[in-house]
1. For segment 31-45, what are the residues that are touching a helix residue (DSSP H, G or I) at 6+ places or on another chain (Cβ under 9 Å) and either modelled with pLDDT under 95 or not hydrophobic (A, V, I, L, M, F, W, C) (or both)?
2. Does segment 109-142 hold any residues that are in a loop (DSSP other than H, G, I, E, B) and either β-branched (V, I, T) or farther than 23 Å from L94 by Cα (or both), and which are they?
3. Of everything in segment 80-108 that's part of a loop (DSSP other than H, G, I, E, B) and touching a residue at least 24 places away in the same chain (Cβ under 8 Å), which residue is nearest to L159 (Cα to Cα)?
4. Please go through segment 29-42 and give me each residue that is among the small types (G, A, S) and either in contact (Cβ under 8 Å) with a residue 24 or more places away in the chain or part of a strand (DSSP E or B) (or both), ordered by number.
5. Are any of the residues in segment 41-52 in contact with a strand residue (DSSP E or B) (Cβ under 8 Å, 6 or more places away or on another chain), aliphatic (A, V, I, L, M) and under 19 Å from S138 (Cα atoms)?
6. From the list R145, R77, R58, which residue is surrounded by fewer than 18 Cβ atoms within 10 Å (Cβ to Cβ), assigned to a loop (DSSP other than H, G, I, E, B) and either charged (D, E, K, R) or without any contact (Cβ under 8 Å) to a residue 60 or more places away in the chain (or both)?
7. With the structure loaded, tell me whether I118 is surrounded by 13 or more Cβ atoms within 10 Å (Cβ to Cβ) and within 20 Å of V43 (Cβ to Cβ) or whether it fails that test.
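The values are calculated or read from the model by the stated rules, or taken from the named source; none is laboratory data. Remember, it's a predicted structure, so these values are computed and weren't measured experimentally. Neighbour counts run over all protein chains shown; Cβ positions are idealised from the backbone, glycine included.
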Amino acid sequence: MTAIDELLERHANGFDAGAPNVPTPVPGLHLAVVTCMDARIKVFDVFGLRHGEVHIMRNAGGVVTDDIVRSLAISQRKLETREVIIMQHTSCGLSMITEDEFKDELEQDTKLRPPWAIEAFREVKDSVRQSIERVRRSPFIPHRRNVRGFVYDVHTAELTEVF
């Protein structure tokens with residue numbers, strides 16, 4: 001059985017009833033959370049979230065990329081979010097590689113160099129600060145004042161704000 005088959009079986013035997021009590025795609029807290037795709041981060045648990053309260057956007061590193069800006073623009077302009085949390089984390093895979101090293105590896109394997117940035121970083125706090133600045137400087141995101149960044153410690157669950 002593949003992992004996909006296992007998840008489909010879990011769904012069929014599970015308790016997911018959809019979201020009948022959440023009548024709209026507008027998140028109740030008018031908040032968007034940008035975070036990493038790392039499976040150790042349980043966003044709902046970290047913030048004590050309930051279904052329908054926030055938009056959650058995930059990618060490698062929890063970095064604000066062009067696609068995250070796209071999603072935030074839609075979230076704010078069409079779905080009424082007004083605040084943004086950027087949460088990256090300790091022991092992130094992107095802090096363990098370099099931009100050129102990974103692009104070289106991909107190019108060697110595929111004979112094509114990717115046109116997109118890897119967004120690798122050494123210091124997670126610096127990466128959070130850069131992502132905050134990308135949101136604050138984007139002309140496509142109208143609500144840029146209430147953007148806050150955090151580092152989540154995957155070993156202790158400590159959440160530290162980055163200024």
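1. Result: T35, D38.
2. Across segment 109-142, the qualifying residues are I118, S138, P139, F140, I141, P142.
3. By that ranking, first place goes to T90.
4. If the condition is that a residue be among the small types (G, A, S) and either in contact (Cβ under 8 Å) with a residue 24 or more places away in the chain or part of a strand (DSSP E or B) (or both), then A32 is the only one that fits.
5. No.
6. Checking each option against the conditions leaves just R145.
7. no
Yes/no matrix, rows are residues, columns are (1) in contact with a Lys or Arg (Cβ under 9 Å, 6 or more places away or on another chain); (2) over 17 Å from E80 (Cβ atoms); (3) in a loop (DSSP other than H, G, I, E, B):
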site	(1), (2), (3)
L7	no, yes, no
H11	no, yes, no
T24	no, no, yes
P27	no, no, yes
F44	yes, yes, no
